[in-house]
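The next block holds one structure in the form of structure tokens; read it before the comments.
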Amino acid sequence: MTDRYAVIGNPIAHSRSPDIHAQFAAQTGQQIRYERLLAPLDGFVAAVDAFRAAGGRGLNVTVPFKLQACDYADRLSPRARAAGAVNTLVFGSDGVEGDNTDGVGMVRDIAGRHHTVLDGLRVLLVGAGGAARGVLFPLLQAGVAAVLIVNRTPDKARALALASADSRVAGCGFDELDKAGRFDLLVNATSAGLDDAAPPLPTSCYANARLAYDMVYGARPTPFMQIARSHGCAMSCDGLGMLVEQAAESFRIWRGVMPETEPVYQQLRQTLVAG
Ligand code: NDP
């Protein structure tokens, strides 16, 4: 019997996850079917219940359902609990397990594909939404020296810093950044890039940084990447690698085998560039 998986969201037509998981399955010889599942905005629980009743084994969860997926799960992994958000559900005979692979995906991409050791780095985390929440705990686990969270709505940044209960983390608004000192790693976890814009960082933040990491990805360097490079940041990259790495971790959780990510990343990059 072929095991069924899907990515659930709204909208969902743009999702590249079915292509990624089809490549992982072919590579590892796993018999799975992986679909897109469009749930009504007010119909997440009903859609998940129906998928489970039809024999579904697991789901990836994307915008806007990651918080509802957290509530749906019977048990949470430590990283899902820390994030307060779930992007991977596992349906077992003993209930529903919720996990969050976004953060470990980004950390693996930074360390492996972009050859940047996180231990001891000073990080500016831009944004305080679901994606920022997902990466904060894995960044701290990777040994960064400090994380300053900056957000358009400063109170959300401060609340996230407080919730981390970690003395290395602080939160602020963009107008407080001038006095914040220098950073080694800048992570753009805002959705500004979806409107072809960059978050309003003072240019001094980019000077001498080692890596500017944009979670958004596309055919061309994002505005955040372009500004970072033109103001003295040594390296910049988009979030395509994070997308592939978080998917690989979900696949490992479901199937017990870790796929190779590099060929899949290269194929997706070529497809993106070719338009
Ligand atoms: P949320 O809607 O939860 O949060 C959006 C964040 O962006 C908030 O902090 C919001 O600030 C901020 N923001 C939005 N517009 C602007 C702007 N114009 N200027 C400054 N800040 C802005 O989204 P997510 O956290 O779920 O996702 C963020 C991004 O990360 C998305 O673009 C998503 O595609 C990407 N992502 C990529 C992944 C990958 O695998 N590559 C995985 C997960 C996410 P405020 O609080 O003030 O509203």
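Hey, among Pro64, Pro40, Pro18, which residue is assigned to a loop (DSSP other than H, G, I, E, B) and either surrounded by 21 or more Cβ atoms within 10 Å (Cβ to Cβ) or at pLDDT 95 or above (or both)? Spell out the reasoning first.
On the way: Pro64 fails: either surrounded by 21 or more Cβ atoms within 10 Å (Cβ to Cβ) or at pLDDT 95 or above (or both); Pro18 fails: assigned to a loop (DSSP other than H, G, I, E, B).
Checking each option against the conditions leaves just Pro40.
Output the number of residues of segment 191-210 satisfying the condition of being within 15 Å of the ligand (Cβ to nearest atom), touching a residue at least 60 places away in the same chain (Cβ under 8 Å) and in contact with a strand residue (DSSP E or B) (Cβ under 8 Å, 6 or more places away or on another chain).
Step one: list which residues in segment 191-210 are within 15 Å of the ligand (Cβ to nearest atom), which gives 191-202, 205.
If we keep only those that are touching a residue at least 60 places away in the same chain (Cβ under 8 Å) too, we end up with 191, 199, 201, 205.
Okay, now just the ones that are also in contact with a strand residue (DSSP E or B) (Cβ under 8 Å, 6 or more places away or on another chain), so 199, 201, 205.
Qualifying residue count, segment 191-210: 3.
Has segment 97-112 got any residue that is at pLDDT below 95 and touching a Gly at 6+ places or on another chain (Cβ under 8 Å)? Steps first, answer last, please.
Start the filter on segment 97-112 by keeping residues that are at pLDDT below 95, which leaves none.
No, because not a single residue in segment 97-112 is at pLDDT below 95 and touching a Gly at 6+ places or on another chain (Cβ under 8 Å).
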Completion exercise
Scanning segment 165-190 residue by residue, those of a type in the set (S, T, N, Q) and either in contact (Cβ under 8 Å) with a residue 40 or more places away in the chain or outside the structural domain of Leu121 (by TED's automatic domain parsing) (or both) turn out to be Asn188, Thr190
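Would you say Arg229 is surrounded by fewer than 21 Cβ atoms within 10 Å (Cβ to Cβ), more than 15 Å from the ligand (Cβ to nearest atom), charged (D, E, K, R) and in contact (Cβ under 8 Å) with a residue 24 or more places away in the chain?
Working: surrounded by fewer than 21 Cβ atoms within 10 Å (Cβ to Cβ): yes; more than 15 Å from the ligand (Cβ to nearest atom): yes; charged (D, E, K, R): yes; in contact (Cβ under 8 Å) with a residue 24 or more places away in the chain: no.
No.
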Practice task
For Arg52, state whether it is away from the ligand (no atom under 16 Å from the Cβ) and part of a helix (DSSP H, G or I).
Solution key: yes
Practice task
Pick out, from segment 68-138, the strands (runs of 3 or more DSSP E) lying fully within it that include 3 or more residues that are away from the ligand (no atom under 16 Å from the Cβ).
Solution key: 88-92, 95-99
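The values are calculated or read from the model by the stated rules, or taken from the named source; none is laboratory data. These figures come from a predicted structure and were not determined experimentally. Glycine gets a Cβ as well: all are built from the backbone with ideal geometry, and neighbour counts include every protein chain shown.
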